[in-house]
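The values are calculated or read from the model by the stated rules, or taken from the named source; none is laboratory data. Since the structure is predicted, the reported quantities are computational estimates derived from the model, not experimental observations. Neighbour counts run over all protein chains shown; Cβ positions are idealised from the backbone, glycine included.
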Amino acid sequence: MNQQKRHELFRRLREINPNPTTELEYNSPFELLVAVILSAQATDVGVNKATRRLFKVANTPEKLLALGEEGLKEYIKTIGLFNTKAKNLIKTAQILLEKHNGEVPQDREALEALPGVGRKTANVVLNTAFGEPTIAVDTHIFRVSNRTGLAKGSTPLAVEKKLLQVVPPEFRKDAHHWLILHGRYVCKARTPNCAECVIRDLCDYKDKTGQPFTTATKRSSGKKNATHKKEARTLSRKQPRQKKHQ
Ligand code: SF4
């Protein structure tokens, strides 16, 4: 994929979703950090269900420590790996209080030093809580980047480095969310919905599903817009209302 196509790809994703954000619900960097730690190998829907209750009683490091590991488990026991996550969250709350005045640090090294926080989680927090142009490569971004030819790589880190090189600066801050949403709802793992994909004609994937975009376009000059609208509708239907951290 050349640079002109990459620009057009993001221009279209922005057109259908001008203000993308995470599907995790949060009201502060600490809530976001907790939600992202909980979301490893779990769905955002499942995490939101748990955190809606949890954040009512513990939405600061102090309150989480007061709740204690066993108390915390009661709120997150529906989420996979909850025992390990509870341990990590309690330790994280302790470190935040001891070393960072109870605040989430805006610093990659300090974030990655927290239990349960790896590069991907640090990238999500830096991007979503602090507005930094980082790109966290999860399973969806890894797949979409490789399939489309946007940024090929055999590991998440290789794809992240390539994306940081090739994503035009104007799209870098939101690239992470556009690609995740595209992978989650359109370019799905098992069967990508190529027939309704707004970037079909830009994508290098050899095994596209459905009617070729060009044929559909020839049949009706309005088809391209209709397809854009359909994907936009799909995304807005599936994305819940976001709580935003100010
Ligand atoms: S055309 Fe298909 S493979 Fe390519 S990005 Fe769209 S859904 Fe994914």
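Being of a type outside the set (Asp, Glu) and free of Cβ contacts under 8 Å to residues at least 60 places away in the same chain narrows it down to one residue among 150, 157; which is it?
Details: 150 fails: free of Cβ contacts under 8 Å to residues at least 60 places away in the same chain.
That would be 157, the only listed residue that is of a type outside the set (Asp, Glu) and free of Cβ contacts under 8 Å to residues at least 60 places away in the same chain.
Of the residues that make up the stretch 153-176, is at least one near the ligand (Cβ under 10 Å from one of its atoms) and either surrounded by 21 or more Cβ atoms within 10 Å (Cβ to Cβ) or farther than 29 Å from residue 107 by Cβ (or both)?
Within the stretch 153-176, none of the residues are near the ligand (Cβ under 10 Å from one of its atoms) and either surrounded by 21 or more Cβ atoms within 10 Å (Cβ to Cβ) or farther than 29 Å from residue 107 by Cβ (or both).
Of the residues screened, residue 234 is one that is more than 14 Å from the chain's Cα centre (by Cα), modelled with pLDDT under 85 and within 16 Å of the ligand (Cβ to nearest atom). Taken over the stretch 196-226, the residue count meeting the criterion of being modelled with pLDDT of 95 or more and either farther than 20 Å from residue 5 by Cβ or among the hydrophobic types (A, V, I, L, M, F, W, C) (or both) is 5. Taking the numbered list (1) more than 14 Å from the ligand (Cβ to nearest atom); (2) of a type outside the set (Gly, Ala, Ser); (3) farther than 24 Å from residue 24 by Cα in turn, residue 194 passes all entries but (1).
Filter the stretch 163-184 for residues that are in a loop (DSSP other than H, G, I, E, B) and farther than 25 Å from residue 206 by Cβ and give the result. I'd like the intermediate steps shown before the answer.
Going through the stretch 163-184, the residues in a loop (DSSP other than H, G, I, E, B) turn out to be 167-168.
Residue satisfying the conditions is 168 alone.
Picking from 107, 174, 138, which residue would you name as being under 18 Å from the mean Cα position of the chain (by Cα) and farther than 21 Å from residue 41 by Cβ?
Numbers: 107 fails: under 18 Å from the mean Cα position of the chain (by Cα); 138 fails: farther than 21 Å from residue 41 by Cβ.
Answer to the selection: 174.
Residue 99 - would you say it is at negative phi, in contact (Cβ under 8 Å) with a residue 60 or more places away in the chain and of a type in the set (Lys, Arg)? Spelling it out, it is not the case that residue 99 is at negative phi, in contact (Cβ under 8 Å) with a residue 60 or more places away in the chain and of a type in the set (Lys, Arg).
Just checking, does the stretch 49-68 include any residue being modelled with pLDDT under 95 and either on the phi > 0 side of the Ramachandran plot or assigned by TED's automatic domain parsing to the domain that holds residue 206 (or both)?
Keep residues of the stretch 49-68 that are modelled with pLDDT under 95, which gives none.
For the stretch 49-68, residues modelled with pLDDT under 95 and either on the phi > 0 side of the Ramachandran plot or assigned by TED's automatic domain parsing to the domain that holds residue 206 (or both): absent.
Filtered by the rule that a residue be more than 26 Å from residue 43 (Cβ to Cβ) and assigned to a loop (DSSP other than H, G, I, E, B), the stretch 110-121 gives a lone residue, 113. Note on the stretch 111-126: residues that are of a type in the set (Gly, Ala, Ser), surrounded by fewer than 19 Cβ atoms within 10 Å (Cβ to Cβ) and in contact (Cβ under 8 Å) with a residue 12 or more places away in the chain amount to 1. For residue 187, the conditions (1) part of a loop (DSSP other than H, G, I, E, B); (2) crowded, with 19+ Cβ neighbours inside 10 Å; (3) modelled with pLDDT under 95 are fulfilled apart from (3).
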